[in-house]
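Readers should treat all values here as calculations from the given coordinates under stated rules, not as data from a laboratory. Since the model is a prediction, treat every value here as computed from it, not as a measurement. Counting neighbours? That spans all protein chains shown, and the Cβs are built from the backbone with ideal geometry, glycine included.
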Amino acid sequence: MLKELWQYVSSSTSLPLAKEMGFLKEAIAMEARAKRCQQSWGGHYQSCQKAILTASQRAVQKRTVLIFGAGSLHDIPLGILSAQFERVLLVDLVFLNSAKALAEQFDNIELIEHDVTESLVTIQNGQLFVERPMAWLDDTTIDLVVSLNLITQLPLIPVRWVMEHFEVSEIEGDILGKQLILAHLLYLKAFKGEVCLIADREGVESDATGKVLDCFDPWWDIEPPKAVNEWFWTLIPLGEVDKHTSQTNCVGVSFL
Ligand SMILES: C[S@@+](CC[C@H](N)C(=O)[O-])C[C@H]1O[C@@H](n2cnc3c(N)ncnc32)[C@H](O)[C@@H]1O
């Protein structure tokens, strides 16, 4: 807990809203959870890395690879991408010092703190308006784009923010969540290079005996693109949050 507090105070972010809206706090909590859950998260990270390498094989040229939702970088095959591509651009709202240290080992890997929705400044002010993201669409050197465990996360903090800070109803929050997911899908489809989407498809909460207690749709009722490959990720193993429940997500890979 003290370590996490220190991390929070000592982390620098180029986007003030990442701290103000709670993304930095979330990134620190996720890093701590990843350490505690190494065993159950390791297989998921490996599957993500394999999926990215498969996507890389599909890219006709290997000038620039652009990865959205890079976060901790643990689910990215950094060494291989760095060797294969001229430029590796890793995008997230916030990068912790551990990710910065990993990326520094490679000359052609760049970390970019950027809001992929291009809407958070507006949403932070309580306006329920989702922009059409444009960044990098005119970069003709981008041969591969990966959206990495990001799309279903896009609504979570913004919707909670507007509901807590402004008089926004559940229905309005729900519409905002759907718009953020749809806008990201359309954004990905607008790229000319190969596009790979890695995202959870379903969440299942179970009790200690394995009996299913609840299933939920992380896509806010939006139809996800067809997955060509899937695996299970025990995001919350038994004992992580409490002794009685666990959560396993089905993660899928699509090519757009
Ligand atoms: C589930 S995490 C996955 C991160 C990384 N792939 C990993 O496993 O460590 C989702 C990531 O999306 C990032 N994120 C959420 N909203 C974002 C936004 N609007 N723009 C850029 N990144 C965002 C978060 O900061 C977080 O790192």
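Odds and ends about this structure:
- Checked against the criterion of being in contact with a Gly (Cβ under 9 Å, 6 or more places away or on another chain), within 30 Å of Asp242 (Cβ to Cβ) and crowded, with 17+ Cβ neighbours inside 10 Å, the candidates Glu26, Glu31 yield just one match: Glu31.
- The range 38-87, residues that are without any contact (Cβ under 8 Å) to a residue 40 or more places away in the chain, within 15 Å of the ligand (Cβ to nearest atom) and more than 27 Å from Ser11 (Cα to Cα): Gln46, Lys50
- Test set (1) touching a residue at least 40 places away in the same chain (Cβ under 8 Å); (2) away from the ligand (no atom under 12 Å from the Cβ) - Ala34 fails condition number: (2)
- Which numbered condition Asp75 fails, given (1) outside any loop (DSSP other than H, G, I, E, B); (2) in contact with a Phe, Trp or Tyr (Cβ under 6 Å, 6 or more places away or on another chain); (3) surrounded by 22 or more Cβ atoms within 10 Å (Cβ to Cβ): (1)
- Scan of the range 143-186 for residues that are within 10 Å of the ligand (Cβ to nearest atom) and of a type in the set (Val, Ile, Thr), ordered by number: Val146, Ile151, Thr152, Ile157
- Selection from the range 95-116 of residues that are hydrophobic (A, V, I, L, M, F, W, C), touching a Gly at 6+ places or on another chain (Cβ under 9 Å) and either assigned to a loop (DSSP other than H, G, I, E, B) or more than 14 Å from the ligand (Cβ to nearest atom) (or both): Phe95, Leu96, Phe106, Val116
- Residue match in the range 196-203 (condition: within 13 Å of the ligand (Cβ to nearest atom), surrounded by fewer than 18 Cβ atoms within 10 Å (Cβ to Cβ) and not small (Gly, Ala, Ser)): no
- Some residue of the range 243-255 being free of Cβ contacts under 8 Å to residues at least 60 places away in the same chain and not in a strand (DSSP E or B): yes
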